[in-house]
Amino acid sequence: LMRSNVPGVEASAGYPLVVEAEEVKVEESEVNPEMVRKLMDKVDFAALKGAAAALQLGELDPYEEITAELLQDDECLARLSRVLLDVHVINGALVCPASGRRFPIRDGIPNMLLHEDEVG
């Protein structure tokens, strides 16, 4: 969901990875508006919205993009905070849309290590 610093990655058919969740946990937290604003400087909103949709979260459905005005709106900040900070994929996978390669998530930790035959 974070923007990549690697040239060409965002235009790649392998970005963003698709979230497939088997187990999701929601832990409510207090909204920190300033932290959410700072995070949104680094987050690809389209990827975040896609991940939220994959997790069947409707929080971001009302928004096509996040504008400076919306980053001042308490309801929008609360919705972003919930998706960014409160929803945790405990078990599942991240899947590359280009190759179909699955990166398992176990106990909330994604395993992004490549197999030996994938290392060039």
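The values are calculated or read from the model by the stated rules, or taken from the named source; none is laboratory data. Please read all numbers here as calculations on a predicted model, not as lab measurements. Note that each Cβ is placed from the backbone with ideal geometry, even for glycine, and that neighbours are counted across all protein chains shown. Just so you know, the surface numbers come from the protein's heavy atoms only, side chains and all, with ligands and any DNA or RNA stripped out. Shrake-Rupley method; radii C 1.70, N 1.55, O 1.52, S 1.80 Å.
For the stretch 20-41, the set of residues classified as loosely packed, with under 13 Cβ neighbours inside 10 Å and farther than 25 Å from residue 101 by Cα consists of 26, 27, 28, 29, 30, 34, 38, 41, listed by residue number. Out of all the residues in the stretch 10-34, which are aliphatic (A, V, I, L, M) and under 16 Å from the mean Cα position of the chain (by Cα)? Matches in the stretch 10-34: 17, 18, 19, 21, 24, 26. So in the stretch 1-30, with the set limited to residues that are of a type in the set (Ser, Thr, Tyr) and at pLDDT below 75, which one is farthest from residue 112 (Cα to Cα)? Restricting to residues being of a type in the set (Ser, Thr, Tyr) and at pLDDT below 75, the top hit is 12.
If only residues of the stretch 97-107 that are open to solvent by 40 Å² or more (accessible area, probe 1.4 Å) and at pLDDT 95 or above are counted, the one that is nearest to residue 16 (Cα to Cα) is 104. Taking residue 96 and the conditions (1) more than 13 Å from the chain's Cα centre (by Cα); (2) under 19 Å from residue 24 (Cβ atoms); (3) not aromatic (Phe, Trp, Tyr), which numbered condition does it fall short on, given that it satisfies the others? Of everything listed in (1) more than 13 Å from the chain's Cα centre (by Cα); (2) under 19 Å from residue 24 (Cβ atoms); (3) not aromatic (Phe, Trp, Tyr), residue 96 misses just condition (2). Going by what's in this entry, would residue 119 be described as open to solvent by less than 20 Å² (accessible area, probe 1.4 Å) and out of contact with any Phe, Trp or Tyr (no Cβ under 9 Å at 6 or more places or on another chain)? Against the criterion (open to solvent by less than 20 Å² (accessible area, probe 1.4 Å) and out of contact with any Phe, Trp or Tyr (no Cβ under 9 Å at 6 or more places or on another chain)), residue 119 does not qualify.
For every residue, the table says whether it meets (1) touching a Gly at 6+ places or on another chain (Cβ under 6 Å); (2) at pLDDT 95 or above; (3) open to solvent by less than 40 Å² (accessible area, probe 1.4 Å).
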residue: 61; (1), (2), (3): no, yes, no
residue: 72; (1), (2), (3): no, yes, no
residue: 81; (1), (2), (3): no, yes, yes
residue: 87; (1), (2), (3): no, yes, yes
residue: 95; (1), (2), (3): no, no, yes
